[in-house]
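Peer 1: Quick one: structure below, then a few questions.
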Amino acid sequence: MMKFNKLVASAAAFALAATVVGCTPAIGKGTETAMTADGYDVSSGMFIFYTIQAYEDAADILQTKNGTVPTVKEVKNAHIDDIEAKDWIQNKATEYCMTIAAIENEFKKIGGQLSGEELSEIDQIADNFIDSEQNGIYTKNGVGKDSIKGIVSATGSGSNYYGEYEYMQKYIFDHYYGFDGEKGCSEEELKDYFDENFARVKYISISLTDEEGEALSDDEKKKLRRKAEEYAKKVNSESDAMDKMYKMNEMQEDYDEYVASMTTSADEEETTTTTTTTATTTDSDETQTTTTTDPYENERLVQRYTTTTADETENNSTGSTTTAEEEEESDDEKADREFKEYVFSDKLSMNKAEVYDYDENTIYVIIRGDLRERMTEDDYWSEDYIYNLQLLRYNDDFVDYLEKLSGNIIPQKNNSSFRRYEPFKLDLSSLEPEN
């Protein structure tokens with residue numbers, strides 16, 4: 001499940017300036033409904049939920065500015081974007097609710113329906129959320145299960161971000177950006193996108209430092225470089241691409257054994273005595289080296305480096321994208337960038353092992369395989385992989401689309417609810433900083 005940034009539409013902010021901060025007609029005398037947004041009734045429970053979220057947003061802004069977690073009183077007395085905190089928080093809460101309304105209305109427009117399984121999951125998430133001690137602030141302030149379920153249904157999340165592409169958002173995304181969607185691409189085009197932006201690689205990382213991180217001697221470095229070159233030569237001696245991947249596994253095992261022998265040799269010398277010990281040979285499997293039978297073991301996906309780079313994790317290389325800020329690179333960032341550029345350059349031929357100097361302390365023996373070979377239903381072309389790739393390709397477009405939807409909504413607020421549930425009339429004691 002993928003995450004994307006909070007939906008904060010500039011158009012929505014413009015609409016708020018005219019409708020929320022100014023005078024608007026009350027919807028009714030009761031306070032069960034906080035506002036109506038494009039025909040969607042936003043419950044007071046949902047409004048309270050997002051008021052608390054907006055308070056935390058305000059507190060985060062002040063903490064970033066001042067360096068300390070603010071007290072509730074300090075937030076109350078603050079101005080954010082030249083707006084009193086109370087009004088800023090209610091504007092932000094309204095903005096969140098407008099996004100929920102946009103998702104709900106769009107879901108209805110395209111004929112969306114949640115499955116029984118999804119409804120059951122939503123119900124369970126709501127129960128878990130309410131039962132969570134850390135979320136007691138919501139139930140304490142009157143946020144009921146139905147409001148939580150409405151938030152979960154629209155966003156797939158019960159936390160302070162519009163979060164996981166599930167439920168209504170997923171349905172909307174599939175409708176517009178799936179293979180049959182008007183804004184999406186064909187399956188073959190998505191495969192091309194995957195192949196152009198990701199590389200399937202396997203590498204052996206050879207360290208030129210000791211256990212304490214100190215640089216090895218020049219002779220030791222030369223010895224390890226010769227070992228790396230020998231590994232690459234042995235891999236390239238295989239004619240079949242798959243056999244080369246198996247050979248890379250063997251070379252990794254050889255290097256691991258070499259490192260283990262080097263780190264234990266000193267200890268073995270210290271424990272040597274004048275007593276002669278006879279080695280016993282057994283047929284136990286534990287004394288035999290087991291060569292892996294998985295040619296894909298230790299393979300990784302590397303994403304092409306661009307001005308917009310992916311947030312990569314160890315388990316999921318098809319993460320969401322963030323714009324790289326223009327600032328001086330650290331040594332680690334430079335090494336990572338240069339490595340990615342090398343992987344996608346002509347210097348690294350397909351199915352040929354090479355020795356690459358990652359940085360002054362590390363040598364790689366690396367080989368790149370054909371990514372399309374692994375685009376199968378039970379591997380890199382499963383439903384989850386396809387979906388994540390579609391998200392990666394169209395994430396920004398989808399967020400922009402939802403922002404436009406919410407930006408076109410002019411909310412009508414219930415003045416009674418807004419007065420009754422002003423942020424600092426809520427019980428925010430659990431958000432006070434610890435002494």
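The values are calculated or read from the model by the stated rules, or taken from the named source; none is laboratory data. Because the structure is a prediction, the values reported are computed rather than measured. Quick reminder, even Gly has a Cβ in these numbers, built from the backbone with ideal geometry, and neighbours come from all protein chains shown.
Peer 1: Go through the range 206-222 and give me each residue that's assigned to a helix (DSSP H, G or I) and surrounded by fewer than 13 Cβ atoms within 10 Å (Cβ to Cβ).
Peer 2: Asp218, Asp219, Lys222
Peer 1: Test Gly116 against the criterion of being crowded, with 16+ Cβ neighbours inside 10 Å and of a type in the set (Gly, Ala, Ser), and give yes or no.
Peer 2: no
Peer 1: Given the options Ala78, Ala93, Ala58, Ala85, name the one that is surrounded by 15 or more Cβ atoms within 10 Å (Cβ to Cβ) and touching a Ser or Thr at 6+ places or on another chain (Cβ under 9 Å).
Peer 2: Being surrounded by 15 or more Cβ atoms within 10 Å (Cβ to Cβ) and touching a Ser or Thr at 6+ places or on another chain (Cβ under 9 Å) holds for just one of Ala78, Ala93, Ala58, Ala85, which is Ala93.
Peer 1: Given (1) touching a residue at least 12 places away in the same chain (Cβ under 8 Å); (2) β-branched (Val, Ile, Thr); (3) in a loop (DSSP other than H, G, I, E, B), identify the lone condition not met by Thr376.
Peer 2: The single condition Thr376 does not satisfy is (1).
Peer 1: Looking at the range 119-133, is at least one residue under 16 Å from Gln53 (Cα atoms) and either under 26 Å from the mean Cα position of the chain (by Cα) or of a type in the set (Val, Ile, Thr) (or both)?
Peer 2: Yes: one or more hits.
Peer 1: Phe173 is checked against (1) of a type outside the set (S, T, N, Q); (2) under 23 Å from the mean Cα position of the chain (by Cα); (3) modelled with pLDDT of 90 or more; (4) surrounded by fewer than 20 Cβ atoms within 10 Å (Cβ to Cβ) and fails just one. What number does that condition carry?
Peer 2: (4)
Peer 1: Run Ser430 past the list (1) of a type in the set (Gly, Ala, Ser); (2) out of contact with any strand residue (DSSP E or B) (no Cβ under 9 Å at 6 or more places or on another chain); (3) closer than 30 Å to Met251 by Cα and report the number of the one that doesn't hold.
Peer 2: Status for Ser430: all satisfied but (3).
Peer 1: Taking the options Ala85, Ala54, name whichever one is in contact with a His (Cβ under 8 Å, 6 or more places away or on another chain) and either modelled with pLDDT of 95 or more or polar (S, T, N, Q) (or both).
Peer 2: Ala85
Peer 1: Pick out the one residue from Tyr193, Tyr203 that is of a type outside the set (A, V, I, L, M), within 22 Å of the chain's Cα centre (by Cα) and either under 28 Å from Glu230 (Cα atoms) or surrounded by fewer than 20 Cβ atoms within 10 Å (Cβ to Cβ) (or both).
Peer 2: Only one candidate qualifies: Tyr193.
Peer 1: Could I ask something else about it? Would you check which residues across the range 149-162 are over 13 Å from Ile103 (Cα atoms) and at pLDDT below 90 and list them?
Peer 2: Residues satisfying the conditions are Ser157, Gly158, Ser159, Asn160, Tyr161.
Peer 1: Which condition breaks for Thr282 when tested against (1) in a loop (DSSP other than H, G, I, E, B); (2) modelled with pLDDT of 50 or more?
Peer 2: Failed condition: (2).
Peer 1: Sticking with this one: Taking Tyr387, is it under 30 Å from Ala101 (Cβ atoms) and either part of a loop (DSSP other than H, G, I, E, B) or out of contact with any Phe, Trp or Tyr (no Cβ under 7 Å at 6 or more places or on another chain) (or both)?
Peer 2: Taking the combined requirement at face value, the residue satisfies it.
Peer 1: Same structure again: Can you spot a residue in the range 419-435 that is more than 30 Å from Glu230 (Cβ to Cβ), of a type in the set (Ser, Thr, Tyr), surrounded by 20 or more Cβ atoms within 10 Å (Cβ to Cβ) and modelled with pLDDT of 95 or more?
Peer 2: yes
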